[in-house]
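First the structure, in the form of structure tokens, and then the observations on it.
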Amino acid sequence: MAELDFSAGAMDWGSLEKNLGANITKEKKSYEDNRFWKLSRDENDNGGAIIRLLPDPTGTPFIQRYNHAFQSFDNVNKKKRWYINNSPETIGEACPASELWAALYNIGTEEGKKEAKKFSRKIKFMCNIKVVKDPANPQNEGKIFLWEFGTKLKDKFMAALQPSESEIAMGEEPKQLFNPLAGNNIKLKIKKAAGFLNYDDTEIMAASSIYADGEEAKADIIENAYKLDEFMQADAFETYEELKKKMKFVLEAYNPEFVDPIQFKNVVAGIIGTANTSNTATPANTPAQEATPVEQPAQAASVQETAPAQNTTTTSNTGSDDLGFLDDL
């Protein structure tokens, strides 16, 4: 185990860039997993808390992973079907949802690219945090949790960790956000504006210590923080075949919005086998089910911009919900 050293300048936060590009793994995520902290919101979708970013017991600040989230609507059973799963591409393994995205993108038309966007992979980041102040859930205060956050917050954190040359020239100094002794608390704020949730008002507070000394900090982190490596193991992801089955169930009730349904069906067949695009009844041997819904403050999304050389496939939302909010956090 790497020795945690929180003295000034001792922590190599340049390794953050390496972690950003590192392969990551899947967790077998339960939406009831009490290791994860979530920011509570009131009836107006506003919320706030003060947290402190922490490294894990091995010194890893955070990890990133990919996931896919899309839906269809079963007109017969009047239920949505969801595909919300972590992508094995995180650890360099094949992912049928990414293959579908690439196949649609590689149709080579604007319609194909628009349909592909519905299947683009999202990026989530994960780290340990200590909850300093949680007005909605004061029982969380003083405890260490896992926390997932999106691209916009990641960009805010990286700008604080690594200010630009022009910012440095104007007196801005790099902040040690993950240092429990010399770092900065995060005043996390969420609100809904123009129909979308955002963290635009989140602030990085003045430098402070949340422990008496380094020994107390190390003891708490080693005993109570969670090793992020757990989420970078192959068994944290479902297998390719398992993901194909889930995709097939969702796509059987899917109506493409931009590409021809027959073309879409052929693309799907090339990846997972035949799939209906007519919103017919659920097959007798397939139980009608709804995948776990995405929670509103879902993390930021990153769209794939270059397509691997693969076939084409398509997707569109038939229900009234729009997963676009994934791209705005």
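Where residues in region 44-63 are in contact with an Asp or Glu (Cβ under 9 Å, 6 or more places away or on another chain) and either without any contact (Cβ under 8 Å) to a residue 12 or more places away in the chain or surrounded by fewer than 17 Cβ atoms within 10 Å (Cβ to Cβ) (or both), which of them is farthest from residue 132 (Cα to Cα)?
Our first condition is that a residue be in contact with an Asp or Glu (Cβ under 9 Å, 6 or more places away or on another chain); within region 44-63, this holds for 48-51, 54, 56-60, 62-63.
Among the residues that remain, those that are also either without any contact (Cβ under 8 Å) to a residue 12 or more places away in the chain or surrounded by fewer than 17 Cβ atoms within 10 Å (Cβ to Cβ) (or both) are: 58-59.
On the way: 58: 22, 59: 21 Å.
Result: 58.
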What residue, among those in region 228-241 that are surrounded by 14 or more Cβ atoms within 10 Å (Cβ to Cβ) and of a type in the set (D, E, K, R), is farthest from residue 182 (Cα to Cα)?
238
Identify all residues within region 229-253 that are in a loop (DSSP other than H, G, I, E, B), over 15 Å from residue 95 (Cα atoms) and within 18 Å of the chain's Cα centre (by Cα); write none if there are none.
233
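Among the residues of region 211-226, which ones are in a loop (DSSP other than H, G, I, E, B) and either touching a residue at least 24 places away in the same chain (Cβ under 8 Å) or buried (at least 17 other Cβ atoms within 10 Å of the Cβ) (or both)? Break it down stepwise before answering.
Our first condition is that a residue be in a loop (DSSP other than H, G, I, E, B); within region 211-226, this holds for 211-213, 225-226.
Hits for region 211-226 are 211, 213, 225, 226.
Looking at 122, 113, 117, which one is among the basic types (Lys, Arg) and within 30 Å of residue 204 (Cβ to Cβ)? Lay out the reasoning, then the answer.
Numbers: 113 fails: within 30 Å of residue 204 (Cβ to Cβ); 117 fails: within 30 Å of residue 204 (Cβ to Cβ).
Unique residue meeting the criteria: 122.
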Mind listing whichever residues of region 254-264 are buried (at least 22 other Cβ atoms within 10 Å of the Cβ) and in a loop (DSSP other than H, G, I, E, B)?
254, 256, 259
Which of the numbered conditions does residue 208 fail, given that it passes all the others? Conditions: (1) surrounded by 14 or more Cβ atoms within 10 Å (Cβ to Cβ); (2) over 30 Å from residue 106 (Cβ atoms); (3) among the small types (Gly, Ala, Ser).
(1)
Can you run down the residue pairs with Cβ atoms below 6 Å, 6 or more apart or on separate chains, where the first is in region 258-269 and free of Cβ contacts under 8 Å to residues at least 12 places away in the same chain and the partner is part of a helix (DSSP H, G or I)?
none
Selection from region 53-87 of residues that are charged (D, E, K, R) and part of a strand (DSSP E or B)
65, 74, 79, 80, 81
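Each row is one residue, and each column tells you yes or no for (1) within 18 Å of residue 101 (Cβ to Cβ); (2) modelled with pLDDT of 95 or more.
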position: 208; (1), (2): no, yes
position: 218; (1), (2): no, yes
position: 221; (1), (2): no, yes
position: 227; (1), (2): no, yes
position: 246; (1), (2): yes, yes
position: 275; (1), (2): yes, no
position: 278; (1), (2): no, no
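The values are calculated or read from the model by the stated rules, or taken from the named source; none is laboratory data. What you are looking at is a predicted structure, and each value in this text was computed from that prediction instead of being measured. Note that each Cβ is placed from the backbone with ideal geometry, even for glycine, and that neighbours are counted across all protein chains shown.
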